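Just below is one structure, and these are the notes that go with it.
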Amino acid sequence: MFSRDKIKYEPIDLPDHLDYSAVQSLEEARAFYERMKRRHTVRDYSSEPVSREVIEECIRTAGTAPSGANHQPWHFVAISDPGLKKKIRGAAEEEERQFYDGGGGDEWLKALEPIGTNDNKPHLEDAPWLIVVFAQRWGYFEDGTRFKNYYVPESTGIACGFLLAALHHAGLVTLTHTPNPMKFLNGMFDRPDSEKPIMIVAAGHAAKDAKVPAVAKIKKPLEDILTIAD
């Protein structure tokens, strides 16, 4: 993406952007909240297929996220192949068994009880798509010289947020899976050592009898998450 001899500041006019009135801004903010509050983390998926084009467009949206020095330190691997999903499930469940057998610690396991999770992860096979998110700790110039990426966790986290919002906007449900470590994914998809897998996003349509934990609908009120200094 970068050439060592072409790194310079070159200002351009602000491209096409949204420019709402105060009334429109409030309407849009409220409409987006109403849409996003209907997003659910779902573990029960139907067999209804999702086109590759939908996944590509959602990842394209994720790629528009802001990032440190605009290095865009992320890579996405989208998987629909049943054999690969089965391998991912097997490897993930092995790590999860160690976690739930005590590796996670009593406090963490207790915190998860209202969510109803365990080491069984059928969604990793049932969901039509898995999207593995890799964070790139460094990159390379065109001449092969290595350069450092900045604010990698923050940048990749923002891109993941864009991805989840885009998938929801496309009418899909998701589940974020974050076992640690996930180094097996580098070998599975021939990704370089500079990249660290940080998340697996299951994406698809919810099963007709899908359930979610009641506690998941309990969100902190605005006054608990917001301080205004005006």
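The values are calculated or read from the model by the stated rules, or taken from the named source; none is laboratory data. Since the structure is predicted, the reported quantities are computational estimates derived from the model, not experimental observations. Cβ sites come from the backbone with ideal geometry, for glycine too, and all protein chains shown count toward neighbours. Areas reflect the complete protein model, heavy atoms only, side chains present, ligands, DNA and RNA absent. Shrake-Rupley method; radii C 1.70, N 1.55, O 1.52, S 1.80 Å.
For the reader, a short list of remarks on this structure follows.
- Bridge type composition, the chain - antiparallel percent by DSSP, nearest 5: 95
- With a Förster radius of 30 Å applied to the C-beta separation of HIS169 and VAL23, the computed FRET efficiency comes to 0.85.
- The chain: most fluctuating residue of ILE218, ILE88, ILE200 per GNM, C-alpha cutoff 10 Å: ILE218
- Residue pairs, from the table LYS87/LYS183; LYS196/LYS219; LYS121/LYS208; LYS37/LYS183, whose Cα atoms sit over 23 Å apart: LYS196/LYS219; LYS37/LYS183
- Peptides 186-193, 89-96 ordered by average Cβ neighbours within 10 Å, highest first: 89-96, 186-193
- Residues whose amide H falls under 5 Å from that of TYR45, counting only those 5 or more places apart or on a different chain, are ALA207, with hydrogens built in the peptide plane.
- Taking every protein chain into account, the accessible area of the stretch 146-221 amounts to 54 square angstrom per residue (probe 1.4 Å).
- Residues in the stretch 122-166 reached by a label modelled at SER47 [backbone nitrogen below 20 Å; 7 Å Cα→Cβ]: 122-130
- Area accessible to solvent at THR41, 1.4 Å probe radius, in Å²: 50
- Label separation (ASN118 vs ALA216): 1.7 nm, computed from points 7 Å beyond Cα along the C-beta direction.
- Distance in nm between pseudo-label sites at SER80 and ARG146 (7 Å out along the Cβ direction from Cα): 3.7
- When the chain is treated as a GNM with alpha-carbon contacts under 10 Å, the residue of ASP13, ASP106, ASP209 showing the greatest mean-square fluctuation is ASP13.
- HN-Hα J in Hz across the stretch 194-201 - Karplus 6.51, -1.76, 1.60, θ = phi - 60°, x for Gly and Pro: 5, 10, 10, x, 10, 7, 10, 9
- R0 of 45 Å, Cβ-Cβ distance GLU34-LYS110: FRET efficiency to nearest 0.05: 0.85
- Share of carbon and sulfur in the accessible heavy-atom surface of the stretch 58-204 [1.4 Å probe, %]: 52
- Mean separation of Cα contacts under 8 Å (6+ apart) over length of the stretch 1-137, as relative contact order %: 35
- Once the Cα-Cα distance is subtracted from the 0.36 nm per residue extended length, the TRP138 to GLU125 segment shows a gain of 1.5 nm.
- Positive-end extreme of charge dipole, the chain - chosen from THR156, ALA65, SER80 (charges on Cβ): SER80
- GNM result for the chain, Cα springs below 10 Å: residue of GLY102, GLY161, GLY63 fluctuating most strongly: GLY102
- Accessible-area ranking of ASP44, ASP101, largest first, probe 1.4 Å: ASP101, ASP44
- Surface accessible to a 1.4 Å probe, VAL215 within the full protein complex, Å²: 60
- For the chain, the alpha carbon convex hull comes to 186 Å³ per residue, rounded to a whole number.
- The charge dipole of the chain, taken about the Cα centre with unit charges on the Cβ atoms of Lys, Arg (+1) and Asp, Glu (-1), comes to about 300 debye, rounded to the nearest 20.
- A Cβ-based charge dipole, computed about the Cα centre of the stretch 1-103 with Lys and Arg at +1 and Asp and Glu at -1, lands at about 260 debye.
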